[in-house]
Amino acid sequence: MKATEQRARWPWTVVRVIFSCLLLAWALHAAPLDTIVAGLRRADPWLLIAGMVLGLLTRFAAAERTQVISRALGLLVSRRQTIETLFISNFYALLSPGPVLSGVVTVYRYKNYGASTTGSVGSLLASRAIECAAFVVLGTACVLIDPNVALNRVMYPLQLSLAALAALAGGICVWWLLHKRHHRNGARAALSPNAVNSVIDKLHAVWHDVIDRGPRMALQAAIPATVQVLLAGAAVAVLARSLNIEVSLITAIWVTAAVYAVVLLPISIAGLGVREVTLIKSLGLLGISAQSSVALSVLLFADPVVNAMIGGVLQFRSAIVARSR
């Protein structure tokens, strides 16, 4: 079965590789490689380090977001275990771009820590949904208040983000109504972790837990998610400054949100190509050259690489510890 699924995914993987290569070719046509290298050579090393540190701090904020949800769902996963799992999942995400393998690794490690499959899946899905919502909300708000952006030039992506916000608001309202009815009827999660056998049972248990907790869980997790977005925007602003690109924090936040959205789409390999094109188009609205935009993209791509390297070291250490037992 697994071999059949892998063969079925190969054509789409090839399409993603081709699409990434085509977009990278377009980006390198707009910004020749020698100009990109020249811009990177002029980068301020101290600001570069500061930007990388801020990028690293965003991972800790992301781990705290997941920890809040895990605690709300009753998972016995410590903060240290959550942070370690986050970096290790980033390592596997770079090896196999996309959310599938990193998600499988997260659930597997949570199970080793004593969490149920149901709770692990629920925590993972809820955490990623809240992260996405935080980027959309803050990114849209920053576009609307950024004085350097003419709204008529970003009307189409703005309409998409507003539609996403409307869907988010509607989802929260439905969630709240179901939560109220759930408690009014005196219902509780009827399935214990040991009672779920089929996929349908597991999905039902996850749905039951999320409805039982209510939107308060999402609001609590939204605090570290907001910190994550702010830190990510600050990292972009500092990295841009290291290349002598003047970008305000407000601008950096909506640019970060735009990059986050396109990288999240399963249309590229590790965001290659789509990241560069998005930055060229976004920063082009501010009069920033394609050369500077692609140079910044190289620095932004270094962030997941650093996270993956940390995760690789943690995975290696974890394997050695497990083998010695």
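The values are calculated or read from the model by the stated rules, or taken from the named source; none is laboratory data. Being a predicted model, the structure only gives us computed values, none of them experimental. So basically every Cβ, Gly included, is an ideal-geometry build from the backbone, and we count neighbours across all protein chains shown. Note: accessible area is taken over every heavy atom of the protein model, side chains too, but ligands, DNA and RNA are not part of it. Shrake-Rupley method; radii C 1.70, N 1.55, O 1.52, S 1.80 Å.
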(message) For the ranges 227-239, 156-168, what's the packing order if you count other beta-carbon atoms within 10 Å of each residue, average per peptide, and put the highest first?
(response) 227-239, 156-168
(request) Please arrange Asp44, Asp34, Asp146, Asp303 by accessible surface area, largest first, computed with a 1.4 Å probe and ligands excluded. (result) Asp34, Asp44, Asp303, Asp146
(request) For Phe60, Phe135, Phe316, give the ranking by accessible area with the largest first, probe 1.4 Å. (result) Phe316, Phe60, Phe135
(message) If I ignore ligands, DNA and RNA and count only protein heavy atoms, how much of Lys180 is accessible to a 1.4 Å probe, in Å² to the nearest 10?
(response) 100
(message) Ordering Met155, Met52, Met217, Met309 by accessible area with a probe of 1.4 Å, largest first, what comes out?
(response) Met309, Met155, Met52, Met217
